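Undergrad: Handing you this structure, nothing more for now.
The values are calculated or read from the model by the stated rules, or taken from the named source; none is laboratory data. Remember, predicted model here, so these are calculated numbers, not experimental data. Here the Cβ positions follow ideal geometry from the backbone for every residue, glycine too, while neighbour counts run over all protein chains shown. Each accessible area value is taken on the protein alone, full model and side chains, heavy atoms only, with ligands, DNA and RNA left out. Shrake-Rupley method; radii C 1.70, N 1.55, O 1.52, S 1.80 Å.
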Amino acid sequence: MAEENLMEKIVSLAKRRGFVFQGSEIYGGLAGTWDYGPRGVALKNNIKNLWWQMFVDSRDDIYGVDTAILMNEKVWEASGHTGAGFTDPVVECKKGHRFRADHLENKEECPECGEAFSEQKAFNLMFETKVGAEGDTTSYLRPETAQGIFVNFKNVVDSMNPKLPFGIAQIGKAFRNEIAPRDFIFRAREFEQMEVEYFVKESEWKKYFDEWKNIMIEFIQSTGIDAGKVHEVEIEGDDRAHYSKRTIDFEFAYPFGQKELWGLAYRTNHDLVKHTEHSGEALTYFDEENKEHVTPHIIEPSLGIDRTVLAVLVSAYREDELGGEKRVYLAFKPSLAPVKAMVSPLLKNKPELVAKAREVYDTLKKEVPQIMWDDNGNIGKRYRRQDEIGTPFCITIDFDTLGEVPENKDTVTVRDRDTGEQERLPIAEVIKKVVDAIK
Ligand code: ATP
């Protein structure tokens, strides 16, 4: 697939087919915000459900939580986010163009207008807000979901009695006032994360770091992200967060360059130590074996959902020729596709076809919720629309189904998204085919 204009094509398809819209679009937008439409939210939920299934529900050592976005401001003092630890270097030219200094090759003059830059400043990425009628309490929209987990460490230990090693997981929104939001949903100011904080004995961190690396690789395969475009990059000394002793970035070859998709970090016991110091609560674990209180060390697989959605879209985007015509389709894994199957009567003005098609639709929808009814336009148009949505199967009810050709009674045609080929199958078999494909 030629990378030329690929992003433009994906952004335009995402809008045309109801995946992603610009935030506040009718008011001219708000930079760095995006709204997911009906297909986009279905795709995103399918990704989140897959993650929750693999990282939480299929294991007995991970505890899920859903913590508040607004937190006591002391959390961010302890974590270092209000200090120098969570700033990006910014430069501004005389005409007011702002850039992240570490993203510029030439730090002397503005790439937009050629004017000289002012001195580099540190810009804190947290969104500050005021809480309460008097507005005298400062809070922040959380810039990562991780801290909600650390401050609940004691609650989870006391209420669940987990045995080390164990993890706490959450999916949720995070906010960063990015200096230059760009590249569609890749760098947004409001985004979502899926994070696990996995607590281990210090002596075992290497073993679990490798284990989580492998789980992340497995997740790449399960999402249908093109593994050939994913690169593991070891982050060296100075580029790592100060508390991390090892970090790997999983980078993806997006059309605009190879950039961070997810991160995996060994955070030592830094977070629990800091929150213990600042809160006065002992965030420790009682090791029954050695009869001592220990502060566990932490392995953190951190996955951005929006960057995952974009990598899935880039990996699925295809152009080919079918029956002499150019077409575009999204080759999603059936399990992640926002619509699993479309059901359609060949002609919408024939009540007997419509009634039979409704029957098939209702039966299938009981088994698989993400089923779509489509009787708009001619059948060719419907197929092209479903290709762009990435629907793996299109099921059409025609006169044969009604028994016009007696041996074809109660059979339907099923069209395969990837090959465009159609086969005729009994209704019961088609239902099984769809159910099996999404398992
Ligand atoms: P970058 O260097 O690209 O700014 P980061 O290293 O600051 O990213 P982390 O703090 O490691 O990112 O955040 C964990 C994950 O959250 C990232 O791997 C990414 O998937 C996601 N993420 C971070 N910032 C954004 C953003 N502005 N928009 C969308 N997703 C983001």
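Undergrad: For residue 187, are the conditions met, namely being open to solvent by less than 70 Å² (accessible area, probe 1.4 Å), assigned by TED's automatic domain parsing to the domain that holds residue 265, within 16 Å of the ligand (Cβ to nearest atom) and touching a residue at least 60 places away in the same chain (Cβ under 8 Å)? Don't jump to the end; show me each part of the working.
TA: Values: open to solvent by less than 70 Å² (accessible area, probe 1.4 Å): yes; assigned by TED's automatic domain parsing to the domain that holds residue 265: yes; within 16 Å of the ligand (Cβ to nearest atom): yes; touching a residue at least 60 places away in the same chain (Cβ under 8 Å): yes.
Yes.
Undergrad: Within the range 286-321, can you find the residues that are open to solvent by 10 Å² or more (accessible area, probe 1.4 Å) and part of a loop (DSSP other than H, G, I, E, B)?
TA: 288, 289, 290, 291, 295
Undergrad: Looking at (1) within 29 Å of residue 212 (Cα to Cα); (2) open to solvent by less than 60 Å² (accessible area, probe 1.4 Å), can you tell me which one residue 32 breaks?
TA: (1)
Undergrad: Just checking, does the range 297-309 include any residue being under 15 Å from residue 269 (Cα atoms) and either away from the ligand (no atom under 16 Å from the Cβ) or of a type in the set (Ser, Thr, Tyr) (or both)?
TA: Within the range 297-309 (the criterion being under 15 Å from residue 269 (Cα atoms) and either away from the ligand (no atom under 16 Å from the Cβ) or of a type in the set (Ser, Thr, Tyr) (or both)), the answer is yes, since at least one residue qualifies.
Undergrad: Residue check, residue 193 against (1) modelled with pLDDT under 95; (2) within 13 Å of the ligand (Cβ to nearest atom); (3) not hydrophobic (A, V, I, L, M, F, W, C), all met but one. Which one?
TA: It fails just one condition, (1).
Undergrad: Another question about this same structure. Checking residue 351 against (1) at negative phi; (2) of a type outside the set (D, E, K, R); (3) under 27 Å from the mean Cα position of the chain (by Cα): exactly one of these is not met. Which one?
TA: Condition (3) is where residue 351 drops out.
Undergrad: A further question follows. Could you check the range 86-114 and list, in sequence order, the residues that are open to solvent by less than 60 Å² (accessible area, probe 1.4 Å) and either in contact (Cβ under 8 Å) with a residue 40 or more places away in the chain or part of a loop (DSSP other than H, G, I, E, B) (or both)? Full working, then the answer.
TA: Just the residues of the range 86-114 that are open to solvent by less than 60 Å² (accessible area, probe 1.4 Å), to begin with: 86-91, 93, 96-97, 99-101, 104, 110, 113-114.
Correct list: 86, 88, 90, 96, 97, 99, 100, 104, 110, 113, 114.
Undergrad: Are any of the residues in the range 199-211 of a type outside the set (Ser, Thr, Tyr), under 14 Å from the mean Cα position of the chain (by Cα), at pLDDT 95 or above and open to solvent by 60 Å² or more (accessible area, probe 1.4 Å)? It would help to see each step written out before you state the result.
TA: First, pick out the residues of the range 199-211 that are of a type outside the set (Ser, Thr, Tyr): 199-202, 204-207, 209-211.
If we keep only those that are under 14 Å from the mean Cα position of the chain (by Cα) as well, we get none.
Among the residues of the range 199-211, not one is of a type outside the set (Ser, Thr, Tyr), under 14 Å from the mean Cα position of the chain (by Cα), at pLDDT 95 or above and open to solvent by 60 Å² or more (accessible area, probe 1.4 Å), which makes the answer no.
Here's the yes/no breakdown for (1) touching a Phe, Trp or Tyr at 6+ places or on another chain (Cβ under 8 Å); (2) β-branched (Val, Ile, Thr):
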| site | (1), (2) |
| --- | --- |
| 367 | no, no |
| 370 | no, no |
| 385 | no, no |
| 390 | yes, no |
| 399 | no, no |
| 404 | no, no |
| 410 | no, no |
| 414 | yes, yes |
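Residue-by-condition table, conditions (1) under 25 Å from residue 82 (Cβ atoms); (2) in contact with a Leu (Cβ under 6 Å, 6 or more places away or on another chain); (3) open to solvent by 50 Å² or more (accessible area, probe 1.4 Å); (4) within 13 Å of the ligand (Cβ to nearest atom):
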| position | (1), (2), (3), (4) |
| --- | --- |
| 127 | yes, yes, yes, yes |
| 138 | yes, no, no, no |
| 142 | yes, no, no, yes |
| 146 | yes, no, no, yes |
| 151 | yes, no, yes, no |
| 160 | no, no, yes, no |
| 178 | yes, no, no, yes |
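Undergrad: Could I ask something else about it? Identify, from the list 283, 272, the residue that is away from the ligand (no atom under 16 Å from the Cβ), in a loop (DSSP other than H, G, I, E, B) and open to solvent by less than 40 Å² (accessible area, probe 1.4 Å).
TA: On inspection, the qualifying residue turns out to be 283.
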